[in-house]
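Read the structure below first, then the notes.
The values are calculated or read from the model by the stated rules, or taken from the named source; none is laboratory data. Being a predicted model, the structure only gives us computed values, none of them experimental. Cβ coordinates were reconstructed from backbone atoms using ideal geometry, including for glycine residues, and neighbour counts include every protein chain displayed.
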Amino acid sequence: MTAPPSPPRLQRRFFARSTLRVARALLGCRLCHRVGGAVRRGRIVEVEAYTDDDASHSRGRRPTPRNAVMFGAAGHAYVYFTYGMHFCFNVVTETHGVPGAVLIRGLDGLADANGPARLCRALGVDLRHNRLDLTAGGPLWIEAGRLRSAERVIQTTRVGIRVAVELPWRFYVAGSAGVSRRDRAAEADVASSLRSGRAMRTIESGRDVEAGAGPASTRSVTRR
């Protein structure tokens, strides 16, 4: 019995968009690394967006040898070394000359991949992969994917930074084991909003039935 084909690899046009838009759209996609004859693969469930804000390596839009890849073509890997022991993986976004990158913070479906440094260890990603073109058919790529119908996205502030801490530029899939840090207050707000929406739909449905209009139509909740 033949295995089903793998989902297509994301192409440059996917990444050459607003960093915030790409960050959210990456949830549900899969980060893949071919190591020898095997492919290590994890589903993206937590991300953070960085542009030229004060917490970004490209703050002030000043290119340096370290951050130059963030100003280049979208779809390249930006891997950096931090705290003298950890690697972190980002994918470059925006158009050429406009800095932007999405930090991948958590994967599910891969053991010990909840956190940016942990997922790099699990995948075997390090500085050798910095500046690698993820769209060129090489050993590191991102496969297309999407959120499941019941999954909810939490939008909250980034972690591990000391400036621009107020920006809600972290997105994660609620309930996933691959998430490195939960924001329980934000999760409660989302749950409350969903309950309120369901209650309102119930009221509206009752009014429609009373008016002889038949069952109310179901309105979808946007999750991406």
**Asked** If you scan the range 6-43, which residues turn out to be farther than 17 Å from HIS76 by Cα and part of a strand (DSSP E or B)?
**Response** VAL35, ALA38, VAL39, ARG40, ARG41, GLY42, ARG43
**Request:** Might you let me know whether the range 74-92 holds any residue that is under 20 Å from ARG118 (Cβ atoms), modelled with pLDDT under 95, surrounded by fewer than 23 Cβ atoms within 10 Å (Cβ to Cβ) and β-branched (Val, Ile, Thr)?
**Result:** yes
**Request:** Could you please find all residues in the range 177-195 being of a type in the set (S, T, N, Q) and closer than 28 Å to ASP53 by Cα?
**Result:** SER180
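Among the listed residues GLY28, GLY72, GLY42, which satisfies the condition of being without any contact (Cβ under 8 Å) to a residue 60 or more places away in the chain and of a type in the set (Gly, Ala, Ser)?
On the way: GLY28 fails: without any contact (Cβ under 8 Å) to a residue 60 or more places away in the chain; GLY42 fails: without any contact (Cβ under 8 Å) to a residue 60 or more places away in the chain.
Just a single option satisfies the conditions, and that option is GLY72.
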**Request:** Read through the list (1) over 20 Å from HIS33 (Cβ atoms); (2) in contact with a Phe, Trp or Tyr (Cβ under 8 Å, 6 or more places away or on another chain); (3) among the charged types (D, E, K, R), then give the number of the only condition that ARG131 fails.
**Result:** (1)
**Request:** Scan the range 66-91 for residues that are β-branched (Val, Ile, Thr) and in contact with a Lys or Arg (Cβ under 9 Å, 6 or more places away or on another chain) and report the count.
**Result:** 2
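Among residues belonging to the range 45-75 that are of a type in the set (Gly, Ala, Ser) and in a loop (DSSP other than H, G, I, E, B), point out the one that is farthest from TRP141 (Cα to Cα). Write out each step before concluding.
Just the residues of the range 45-75 that are of a type in the set (Gly, Ala, Ser), to begin with: 49, 55-56, 58, 60, 68, 72-75.
If we keep only those that are in a loop (DSSP other than H, G, I, E, B) too, we end up with 55-56, 58, 72-75.
Working: ALA55: 26, SER56: 23, SER58: 23, GLY72: 17, ALA73: 15, ALA74: 13, GLY75: 9 Å.
Per the criteria, the residue is ALA55.
With respect to SER18, is the statement that it is surrounded by fewer than 20 Cβ atoms within 10 Å (Cβ to Cβ) and on the phi < 0 side of the Ramachandran plot true? Walk me through how you get there before you give the answer.
Details: surrounded by fewer than 20 Cβ atoms within 10 Å (Cβ to Cβ): yes; on the phi < 0 side of the Ramachandran plot: yes.
Taking the combined requirement at face value, the residue satisfies it.
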**Prompt:** What pairs can you find where one residue is in the range 101-119 and assigned by TED's automatic domain parsing to the domain that holds MET70 and closer than 17 Å to GLU143 by Cα, the other is crowded, with 24+ Cβ neighbours inside 10 Å and of a type in the set (Phe, Trp, Tyr), and their Cβ atoms are less than 6 Å apart, with a gap of 6+ or different chains?
**Reply:** ILE104/PHE89
**Fill in**
Per the filter on the range 30-46, residues touching a strand residue (DSSP E or B) at 6+ places or on another chain (Cβ under 6 Å) and either surrounded by fewer than 24 Cβ atoms within 10 Å (Cβ to Cβ) or outside the structural domain of VAL102 (by TED's automatic domain parsing) (or both) are ARG30, CYS32, HIS33, VAL39, ARG40, ARG41, GLY42, ARG43
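Being modelled with pLDDT of 95 or more and under 23 Å from ALA174 (Cβ atoms): is that true of ALA68 here? Walk me through how you get there before you give the answer.
Values: modelled with pLDDT of 95 or more: yes; under 23 Å from ALA174 (Cβ atoms): no.
Considered against the rule, which asks whether it is modelled with pLDDT of 95 or more and under 23 Å from ALA174 (Cβ atoms), ALA68 comes out as no.
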